[in-house]
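Everything below concerns the one structure shown next.
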Amino acid sequence: MTSLPVKHLGRLLALAMFLAALLSGGRDARADTAAAQALFDAAKQLMAQGKYADACPKLEESQRLDPGIGTQFNLAACYEQLGRTASAWSMFLEVAGASRAAGQLEREKVARQRAAALEPRLIRLTITAPADSPADLQVKRDGALVGRAQWGTPVPVDPGKHTVEASAAGRAPFARSMELTRAGASETLAIPPLPAGAPARDAALPPSGPAAPAGAAALPPGGPGAPRASGAPLAPVAAVAPGRPAAPLTKRRSKGMMVTGIVLTSLGAVAILGGGLVIASAPSCSGDGCVYDRSSNPYADDTGYQYEEDGADAEGAGVGLVVGGLVLAGVGIPLAIVGGRKVPVQPEKQAASTPAPPPELVIGPRYAGLRWSM
């Protein structure tokens, strides 16, 4: 029985450690995919039972772990059943754009039909601000920042209670809550000029002096004789709980790239392991077991020389497998990492309904390249 040389054992140990490092990188991605599938299956069962309030959060988590067009379509349908018309409408449009890019024309058609059916029921809220508003004026709706580009634009919102807040340095803050329930309604909320006063962070501090009697009406800034700001009366900021900022939506950069990287890495790992086994099992020659001395043994033939040559060929083949596996793994690991990386997605962003423009050549003073949209 021939034992493995010490040098071969060392190679096998190094290859095993490298293989373990390669395989551990794909565990998280596989775990996310498995969890996403389990959540999707559970949500489908809940939707079949009419339990949409329980199904939607599971679909949201499934989409976060492993984004997919099918999961997104079912999530839009779940939102529609809950009466979240604006969320369902925008998500159906996203599904239509993604389906068009993937060549799923039938699903694109259905998604656009569902979005068109929801559009007459949308509730639109327009937020306006005075023309002379401070440059640092910040407006929030339900805790989320509303950019200046949205001011004066009717924006679809889900039915229910919505809180609008406005603040600026050195100005008294403004807050107003309103209930929007009528389908197809279009409401406007005008932010009045913010009077000079304590900054928003000091507004919740208790006033110094005797407390106001129970039931007494709140006085405007400056005392009873101070003029009231134009527009709606100011609401006490302390009574409005700050909204929790919405968690950013994320998706994988490229699922196809991630899967390709995992496949290449797995093939590379198999090649490395196979090459290591070939090297370890190659015939090894030492002492008088391989090279025969014809002068001392006239009956010796070339068996020893042939044995040594076979061992060298097998070891060369094993090295070739190891090198090929390293190349595959070197290509697959970056693809899996880049493709599986989570990138933020704007919730308000609607999928484009027109084909992506062709690539264009961009030339700068120190660079040149191609730019395209996907």
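The values are calculated or read from the model by the stated rules, or taken from the named source; none is laboratory data. Worth saying up front: this structure is predicted, and the values here are computed from it rather than measured. Because the Cβ atoms are built from the backbone with ideal geometry, glycine has one as well, and the counts that use them run over all protein chains shown. Note: areas computed on protein heavy atoms with side chains; ligands, DNA, RNA excluded. Shrake-Rupley method; radii C 1.70, N 1.55, O 1.52, S 1.80 Å.
Overview of results
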item: Burial ranking of peptide ranges 154-162, 329-337 (average Cβ count within 10 Å, highest at the top); result: 329-337, 154-162
item: For peptides 113-120, 102-109, sequence by mean Cβ density within 10 Å, most packed first; result: 113-120, 102-109
item: Calculated from backbone phi, Karplus (6.51, -1.76, 1.60) coupling profile of the stretch 125-137 in Hz, x at Gly/Pro; result: 10, 10, 10, 10, 9, x, 5, 9, 5, x, 5, 9, 5
item: Vicinal HN-Hα couplings computed from phi for the stretch 146-155 (Karplus, 6.51 cos²θ - 1.76 cosθ + 1.60; Hz; Gly/Pro x); result: 9, x, 4, 5, 8, 5, x, 10, x, 10
item: Inter-site label distance for ALA317 and VAL270 at 7 Å from Cα along Cβ, in nm; result: 1.8
item: Under the Karplus curve 6.51 cos²θ - 1.76 cosθ + 1.60, θ = phi - 60°, whole-Hz ³J(HN,Hα) for the stretch 330-340, x wherever Gly or Pro sits; result: x, 7, x, 4, x, 4, 5, 5, 5, x, x
item: FRET efficiency, ALA116 to MET178 (Cβ-Cβ, R0 30 Å, nearest 0.05); result: 0.65
item: Sulfur and carbon atoms: percent of accessible area, the stretch 80-198 [1.4 Å]; result: 51
item: Debye, to nearest 20: dipole size of the stretch 147-196, +1 on Lys, Arg Cβ, -1 on Asp, Glu Cβ; result: 120
item: Over 27 Å between alpha carbons, listed pairs LYS161/LYS255; LYS51/LYS140; LYS58/LYS161; result: LYS161/LYS255; LYS51/LYS140
